[in-house]
Amino acid sequence: MHELYVYYYFFRNFIGPPNNSISNPFFKPDYIMFRQAEDISSILLEAISEAVVIVDNHQKIAQVNTAAECIFGYEKDELISKDLNVLLPSNYHKILSAHFKEFFKIGTRTRITDSKNIFGIKKDGDIIELDIELIPFSIYNKTFVMALISDITEQKEIEKKLMIKSRALESATNGIIITDTFKHGNPVIYCNTAYQNLTGYGPDEILNHSCKFLQGTKDDKETIEKLKKAIENGESCRAILQNYKKDGTLFWNELFIMPITDNDGLVTNFIGIHQDITERKQEEDERQHLSTIFDRSLNEIHVFDAKTLKFINVNYGAQRNLGYTMKELANMTPIDITPYKNETEFREVVDVLLKKNVEKLEVESVHQRKDETTYPVETHLQLSNLGDRQVFVAIILDITERKNYTAKLERIVEERTQQLKEVLDKEIEVNQLKTKFLAQLSHEFKTPLSAILTSALLLSKYQMTEQQDKRDKHIKTITEKAHILNNILNGFLSIEKFESGKLSYRYTYFKMSKIIDEVIFNARMLLKEGQQIKYTEKSEELSLYQDEKIIELILSNLIHNAIKYSPENSNIYLDIDQNDQITTFKIRDTGIGIPKKDQNNIFERYYRAENVINTEGTGIGLNIVKNHLEHLDGSIYFESEEQQGSTFTVSIPNTAKQ
């Protein structure tokens, strides 16, 4: 600290001791004496790199340099003449005061930090750890102390972290070494106690030596080469080696190496973590041997959890037999491949094992493969433990060959019986539909006929000219009801032609406008109060080569349904679009819609949705439309939501196939 001695020399030789008499006119307080020499002293103080705080024997601050201002966060004027305690935490005031008194008595240069930890307090309240060296000197017959102060907070924190890391390395159960890549052979420069215990070598035999001393004749050359390349490339690597301890004992060593780099990214060291996995390796070999036996068995072997019943392991023979992968089976239970109806029924069978009533259970059942084929099996089931959980182990024999012809015949008879039952159920369902249909049909004929007869009767009574509006009303009723009857009869004629195979089509070119006008004209007679039909005006430009009457029948049926199932004062929309190949019709309404549960059956003959049972209809209209479209290479689909309406979309080729 040569700059210190320059400063000290200045005070000793240039300022000189004054007369200390109180009456001396040159006598001034200590801090004033320092200010008189401010110019020269400031230059010398600022030349010192450490923080300098000069105090008198009353522990008053006489002078500080810029470094001290930086460390403590004060301006110089805020410290001059202040008590030294302003720079110390309150719990250090008494300790440091006693230390200063002792120091003034001894009067020799001292480093306080050598004997204890010293802390300071900054202006903002932050506590910092300090290194302080005290140097006494006298001027004007006054004794002062120059404190050279360094902020060692960061240094102490680094030391603390290093100490923690060092202790952590020493307390680790795995063997840890650190090598130096800058030295020839990448020798070991650190090893913890666990590494010494693992290998049997002492520090003198390990440090400054290459860790190759653990290698022997049985080491895998490929693994050694992999480690070598990782070190050359500065990369992490994991390897399992057969190494030798000092006494010659062979052990399996699981080694992880990781590079340590400097700020420039240069690899300076490698950390190696060693773990003796000999027991684990032996257990793995035993498990592998048992696993090989398990997988190669021709019989099926299933292991599944006693609580969840989910498969834990299934051997290759079972996977091949069932057609499932292990990944698929991991989300399944025995119930998924056996005839048990549910989990309760299955647990009733295996409950005797859980209650320890029996040690083994033999059950004959049927397994179902992924492709839904089945085969008879004989299952030998036992309860076992896998770690801390109970599992069932099932050894399963395929007994297909053991089953005799009678059993096979019984299965066939059972299957045929089931099929016949399904056919019978279907026939009963059809008959019920027909019965309902005939009852509905009777009602459908009676209602319009009654209306026609009533209107005809009343019509004859209105003979006066001024009663023309009443005659018109009944003529409209007769026309509407006759039109309904005509549609019903046309529907039945279509069904008869479908079933007899006598259906034929007459294809001609025609303008779409002609069909639309006819359909709209007829439909207007059926409109409810306030209903309107809105349709595409561009139909004049469009034409088709199809059966004109069938297209009219299809559109009429869909428009009539829209009118029938929509409320008064609502709109029915007919949109038409045509490209080079296909013409598309969309009939949209805002009516009662089709319930979701009825939507799959809506095109079946005689079927009617539950929300239209009390509305006139036969349940054959949509069936006829669908059948005609299928014969004409067209299609129909719909979107519907109850109480929101329906949209039926019909697509048909522009040109019919001859």
Next on the checklist: Criterion first (in contact with a helix residue (DSSP H, G or I) (Cβ under 7 Å, 6 or more places away or on another chain) and either at pLDDT below 90 or closer than 20 Å to Thr308 by Cβ (or both)) does Leu353 satisfy it?
Outcome noted: no
Checklist outcome for this item: If you go through Lys82, Lys28, Lys60, the only one that is within 17 Å of Lys142 (Cβ to Cβ), at pLDDT 55 or above and basic (Lys, Arg) is Lys60
Checklist entry - Is there any pair linking a residue in the range 269-289 that is without any contact (Cβ under 8 Å) to a residue 60 or more places away in the chain to one that is aromatic (Phe, Trp, Tyr) and assigned to a strand (DSSP E or B), with Cβ under 6 Å and at least six apart or on different chains, and which? => result Ile277/Trp252; Thr278/Phe251; Thr278/Trp252; Lys281/Trp252
Checklist entry - Could you list, in sequence order, the residues of the range 127-141 that are in a strand (DSSP E or B), of a type outside the set (Gly, Ala, Ser) and farther than 14 Å from Ala68 by Cβ? => result Ile127, Glu129, Leu134, Ile135, Pro136, Phe137, Ile139
Next on the checklist: Looking only at the range 208-231, filter to residues that are under 43 Å from the mean Cα position of the chain (by Cα) and free of Cβ contacts under 8 Å to residues at least 12 places away in the same chain; which one of those is farthest from Asp276 (Cα to Cα)?
Outcome noted: Lys229
Next on the checklist: Condition first: assigned to a helix (DSSP H, G or I), in contact with a Lys or Arg (Cβ under 9 Å, 6 or more places away or on another chain) and either under 17 Å from Lys597 (Cα atoms) or modelled with pLDDT of 90 or more (or both). Can you find one or more residues in the range 607-620 that meet it?
Outcome noted: yes
Item to check | Per-region count, the range 68-79, residues more than 56 Å from the chain's Cα centre (by Cα) and surrounded by 17 or more Cβ atoms within 10 Å (Cβ to Cβ) | outcome: 2
Item to check | Among the residues listed as Thr373, Thr417, the single one being modelled with pLDDT of 80 or more and over 30 Å from Lys307 (Cβ atoms) | outcome: Thr373
Checklist outcome for this item: Exception for Val352 within (1) part of a helix (DSSP H, G or I); (2) over 30 Å from Ser365 (Cβ atoms); (3) not charged (D, E, K, R) falls at (2)
Item to check | Enumeration of residues in the range 80-98 that are more than 60 Å from the chain's Cα centre (by Cα) and free of Cβ contacts under 8 Å to residues at least 24 places away in the same chain | outcome: Lys82, Lys94, Ile95, Leu96, Ala98
Next on the checklist: Can you confirm whether Ile149 is modelled with pLDDT of 85 or more and within 30 Å of Lys101 (Cα to Cα)?
Outcome noted: yes
Item to check | Pairs with Cβ under 6 Å, 6+ apart, first in the range 191-207 and farther than 20 Å from Asn269 by Cα and charged (D, E, K, R), second at pLDDT 90 or above and surrounded by 14 or more Cβ atoms within 10 Å (Cβ to Cβ) | outcome: none
Checklist outcome for this item: Of Thr261, Thr308, the only residue that is closer than 30 Å to His184 by Cβ, surrounded by fewer than 16 Cβ atoms within 10 Å (Cβ to Cβ), hydroxyl-bearing (Ser, Thr, Tyr) and touching a Ser or Thr at 6+ places or on another chain (Cβ under 8 Å) is Thr261
Checklist entry - Name the residues in the range 317-341 that are surrounded by fewer than 13 Cβ atoms within 10 Å (Cβ to Cβ) and either of a type in the set (Asp, Glu) or modelled with pLDDT of 90 or more (or both), would you? => result Thr325, Lys327, Asn331
Checklist entry - Does Glu480 satisfy the criteria of being modelled with pLDDT under 90, within 26 Å of Ile587 (Cα to Cα) and acidic (Asp, Glu)? => result yes
Checklist entry - Tally time: how many residues in the range 332-351 are farther than 21 Å from Glu372 by Cβ and either of a type in the set (Val, Ile, Thr) or touching a residue at least 40 places away in the same chain (Cβ under 8 Å) (or both)? => result 3
Item to check | Subset tally (residues that are without any contact (Cβ under 8 Å) to a residue 40 or more places away in the chain and surrounded by 16 or more Cβ atoms within 10 Å (Cβ to Cβ)) for the range 624-658 | outcome: 3
Checklist entry - Among the residues of the range 584-601, is there at least one that is polar (S, T, N, Q), surrounded by fewer than 19 Cβ atoms within 10 Å (Cβ to Cβ), in contact (Cβ under 8 Å) with a residue 12 or more places away in the chain and within 19 Å of Ser651 (Cα to Cα)? => result yes
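The values are calculated or read from the model by the stated rules, or taken from the named source; none is laboratory data. All figures in this text were calculated on a predicted structure; none of them were measured in a lab. Here Cβ is always computed from backbone atoms with ideal geometry, including for glycine, and neighbour counts include all displayed protein chains.
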